[in-house]
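See below for the structure under consideration.
The values are calculated or read from the model by the stated rules, or taken from the named source; none is laboratory data. Note that the coordinates shown come from a computational prediction; the quantities given were computed from them, not determined experimentally. For neighbour counting, all protein chains shown are included, and Cβ atoms are generated from backbone atoms with ideal geometry for every residue, glycine included. When the accessible area is computed, the model is the full protein with side chains, heavy atoms only, and any ligands, DNA or RNA have been set aside. Shrake-Rupley method; radii C 1.70, N 1.55, O 1.52, S 1.80 Å.
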Amino acid sequence: MHALVIGGTGMLKNVTTWLHNQGYKTSVIGRTKEKLAAFHGENYTPIQVDYHDTESLVREIEDTISRNGPIELVVSWIHSTAPNALPFICKSVEQTSRKSWELYHVLGSRYFYDRPSFTPPLSCHYHSIFLGFQMEHGESRWLTHDEISNGVIRAIKEKKQENVVGTVTPWEKRPR
């Protein structure tokens, strides 16, 4: 089993560790060598690349696939500033996949109401995870890294097509 976590050194760090502990060969993409240093040892493949650089991104993904086998699960947290990154990643995974694979697409709360136009490949089981906010004592706050990681892990376990971590309602109460 091989998993790829894009953006897995920050708020998804616990997801990366959890997948590794579940027995996955875990490839993790991050931009900084310092954060990637947390993922060393057997069955971790840290990949230092900026996903805005799609040529380098595709090359690194193809390399990790050749070293660790086809990717069966992708967790992707890619900012909207890199709209081409996820289609390139999916194409690389699709070309080497021997069977269906899972994509857990982590999205900010605004995408719950303004869905991105993304068509997953045919062999991909697509799951969206919307990151909302928390309401406490009539006030709202953004989610913590632990709440985000726990919500993504729950989404992977439950395999629902659509997931919300926290809440996205009432929208007008979101933190600003």
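Remarks
- Being in contact with a helix residue (DSSP H, G or I) (Cβ under 9 Å, 6 or more places away or on another chain), open to solvent by 80 Å² or more (accessible area, probe 1.4 Å) and of a type in the set (Asp, Glu) is true of GLU62.
- Pick from the range 1-33, criterion open to solvent by 10 Å² or more (accessible area, probe 1.4 Å) and under 16 Å from VAL74 (Cβ atoms), ranking: nearest to the chain's Cα centre (by Cα): GLY7
- Hey, PHE118 more than 14 Å from the chain's Cα centre (by Cα), at pLDDT below 95 and not in a helix (DSSP H, G or I) or not: yes
This table checks each residue for (1) part of a loop (DSSP other than H, G, I, E, B); (2) under 23 Å from ASN150 (Cα atoms); (3) not aromatic (Phe, Trp, Tyr).
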position	(1), (2), (3)
LEU4	no, yes, yes
THR9	yes, yes, yes
VAL15	no, yes, yes
LEU19	no, yes, yes
SER27	no, yes, yes
PHE39	yes, yes, no
THR45	no, yes, yes
GLU55	no, no, yes
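Table: residues versus (1) surrounded by 15 or more Cβ atoms within 10 Å (Cβ to Cβ); (2) within 25 Å of THR64 (Cα to Cα); (3) in contact with a helix residue (DSSP H, G or I) (Cβ under 6 Å, 6 or more places away or on another chain); (4) touching a residue at least 12 places away in the same chain (Cβ under 8 Å).
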site: GLU94; (1), (2), (3), (4): yes, yes, no, yes
site: SER97; (1), (2), (3), (4): yes, yes, no, yes
site: GLU102; (1), (2), (3), (4): yes, yes, no, yes
site: LEU107; (1), (2), (3), (4): yes, yes, no, yes
site: TYR111; (1), (2), (3), (4): yes, no, no, yes
site: HIS125; (1), (2), (3), (4): no, yes, no, yes
